[in-house]
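Encoded as structure tokens, the structure appears first; notes follow it.
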Amino acid sequence: MRLQISAPVRLMLLRVLRRVLAAIGALYLTATLTPIDRWWTNLLTGPVYDPKGDVLIVLGGDAFPDAMGYGSYLRALYAVRYWRDGGYRQIVVSGGPSQGGPPIATQMRDFIVSQGVPATVITIEPTSYSTHENALHTLEILRNVPGRKVLLTSDYHSFRAYRAFRKAGLNVVSSAFPDNYKSIGNWRNRWSVFLGLCLETTKIAYYFVRGWI
């Protein structure tokens, strides 16, 4: 039996739909035509220090079943740059499986090694599914390891990651690299960056409620 909707109800639904579409359009224009993405990223970037240290901690990001994603690629790329410039003696890459593929940490390690970093200095933590787990599992690896520990991740992610690691009991300094900043120069990317910032802010709130930051 076909559902019958009265004319007043149809009119109300159309009004609601128009308002929703108008709100989405306003948000799209705000994200595309204003510097809100840059301001928001500045707020989430958190503390940034000199990248030099003894132990470099690199966090995994997105991944496909057969390859690491763009965010993970950038993190691995900057890990190579930090290794070359920072005098590190050890790199820890943390990140578990994603979308049925191998651990992100394994894919990132393979890329880092392909760029000339010795495999012997890289330790992987391949079981984490979240930033909270990154912190807990990396703590187990580095609990008794001395030296300055630098946490490397994307700009928008560093606020939450830095606080999650400190809350877990691992004394790190944060060194974010430009991830969002690479995208927002092109207006076509700003809407997706805006949605990513909304998601990251939601995660920050969730971590705060759980007591993880």
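When Cα extents along the principal axes in Å is calculated directly from the model, which label among [x] 71, 41, 35; [y] 53, 39, 32; [z] 92, 42, 25 fits? Recomputing Cα extents along the principal axes in Å here gives the entry labelled [x].
Each Lys and Arg Cβ is given +1 and each Asp and Glu Cβ -1; about its Cα centre, the stretch 80-157 then shows a dipole of about 300 debye. Taking the centroid of alpha carbons for each part, the stretch 137-167 and the stretch 53-87 are 14 Å apart.
Which of rounded, prolate, oblate describes the stretch 128-206, given a ≥ b ≥ c as roots of the alpha-carbon gyration tensor eigenvalues and a/c under 1.5 marking rounded, otherwise prolate only if a/b is larger than b/c?
prolate
Averaged per residue, the stretch 126-206 has 46 square angstrom of accessible surface, using a 1.4 angstrom probe with ligands and nucleic acids left out.
Give me the dipole magnitude in Debye, nearest 20, for the chain about the Cα centre, with unit charges on the beta carbon: positive for Lys and Arg, negative for Asp and Glu. Charge dipole, the chain, about its Cα centre: 800 debye, nearest 20. Between amide H atoms placed 1.01 Å from N, distances below 5 Å from S128 occur with G95, G96, all of them 5 or more places distant or on a separate chain. The heavy atoms of W187 offer some 120 square angstrom of accessible surface to a 1.4 angstrom probe. When the chain is described by a simple charge dipole with +1 on each Lys and Arg Cβ and -1 on each Asp and Glu Cβ, the residue from S183, T30, Y88 located farthest towards its positive end is T30.
Among the protein heavy atoms of the stretch 3-121, carbon and sulfur supply 65% of the accessible surface, probe 1.4 Å, non-protein parts ignored.
By its C-alpha gyration tensor, with a ≥ b ≥ c as the square roots of the eigenvalues, how is the stretch 31-101 shaped: rounded for a/c under 1.5, else prolate for a/b larger than b/c, else oblate? It comes out oblate by the Cα gyration axes. Rounded to the nearest 20 debye, the dipole magnitude of the stretch 122-213 is 220 debye, with +1 charges on Lys and Arg beta carbons, -1 on Asp and Glu beta carbons, and the Cα centre as origin. DSSP bridge analysis restricted to the chain gives an antiparallel fraction near 15%, rounded to the nearest 5. The shape of the stretch 63-144 comes out oblate: with a ≥ b ≥ c from the C-alpha gyration tensor, a/c is at least 1.5 while a/b does not beat b/c. Over all other residues within a Cβ to Cβ distance under 13 Å of Q99, the charged ones net out to -2, with Lys and Arg as +1 and Asp and Glu as -1.
The values are calculated or read from the model by the stated rules, or taken from the named source; none is laboratory data. As the structure is a prediction and not an experimental result, all values here were calculated from the model. Here the Cβ is made from the backbone with ideal geometry for all residues, glycine too, and neighbour counts use every protein chain on show. Calculation scope for accessible area: heavy atoms of the full protein, side chains included, ligands and nucleic acids excluded. Shrake-Rupley method; radii C 1.70, N 1.55, O 1.52, S 1.80 Å.
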